[in-house]
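For reference, the structure is listed below as structure tokens.
The values are calculated or read from the model by the stated rules, or taken from the named source; none is laboratory data. Note that this is a predicted model, so its numbers are computed, not measured. As a convention, Cβ positions derive from the backbone with ideal geometry for all residues, glycine included, and neighbour counts pool all protein chains shown.
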């Protein structure tokens, strides 16, 4: 049984039976073969999530102290890599029967699409402007979605657990930021920057785990980078 997200990538394809000579009692069985089309998509999913989250984190921090990143960099990344590529990775993992990474990648791929749609103003004509309280409740719902994975993430390694728990914190902080804004309060530069830094760290951790997975694959399954 696969016990961690990295096992989805690193687990060997074993034959149905060990190399036992064919006998009347133990007939030989055909070996399993790798699916040549549905390769593991963990690296694509984690990198799509991680790199987009890092860019978004810098953009959030720039609301307080200017990190030089605005939505012009975040939205294209969110639509292409964080949204579309990550969603496709999720579909592939679900096709392979991997419910945890498949559900997470599809979920956060859809998150980035929704995030871009309402923060970019694309939906203003159809649905009206998005108020700060709307965004705050959006973040609360996504914090709950993330908590679903966070409380089960320890089964998938320390790195994955770290990603999900820092993401829970990021959504809670974002809900507080936009909730304060919706209530007419000024959000301090320090709070915006703390939110952005936590978000960046979450994305960096996802990228690091992806790097660890693909590096281990090129070293016979050995964890060259601990994760």
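No other residue among 112, 67 is touching a residue at least 40 places away in the same chain (Cβ under 8 Å) and either part of a loop (DSSP other than H, G, I, E, B) or touching a strand residue (DSSP E or B) at 6+ places or on another chain (Cβ under 7 Å) (or both) apart from 67. The criterion of being in a helix (DSSP H, G or I) and closer than 14 Å to residue 44 by Cβ does not hold for residue 126.
Report yes if residue 227 is within 17 Å of residue 43 (Cβ to Cβ), out of contact with any strand residue (DSSP E or B) (no Cβ under 6 Å at 6 or more places or on another chain), at pLDDT below 95 and crowded, with 18+ Cβ neighbours inside 10 Å, otherwise no. Here the answer is yes, as residue 227 does meet what is asked. Counting only residues that are farther than 14 Å from residue 115 by Cβ and surrounded by 15 or more Cβ atoms within 10 Å (Cβ to Cβ), region 125-136 holds 1 of them.
Within region 146-176, the set of residues being part of a helix (DSSP H, G or I), out of contact with any helix residue (DSSP H, G or I) (no Cβ under 6 Å at 6 or more places or on another chain) and touching a residue at least 12 places away in the same chain (Cβ under 8 Å) comprises 155, 156, 158, 176. Selection of region 92-109 for residues being assigned to a helix (DSSP H, G or I) and under 13 Å from residue 39 (Cβ atoms) yields 92, 93, 95. Screening residue 199 on (1) without any contact (Cβ under 8 Å) to a residue 40 or more places away in the chain; (2) on the phi < 0 side of the Ramachandran plot shows it passes everything except condition (1).
Scanning region 31-67 for residues that are modelled with pLDDT under 90, closer than 27 Å to residue 173 by Cβ and touching a helix residue (DSSP H, G or I) at 6+ places or on another chain (Cβ under 8 Å), which turns out surrounded by the fewest Cβ atoms within 10 Å (Cβ to Cβ)? Of everything passing the filter in region 31-67, 65 is surrounded by the fewest Cβ atoms within 10 Å (Cβ to Cβ). With respect to being assigned to a loop (DSSP other than H, G, I, E, B), in contact with a helix residue (DSSP H, G or I) (Cβ under 9 Å, 6 or more places away or on another chain) and at pLDDT below 90, residue 28 falls outside the description.
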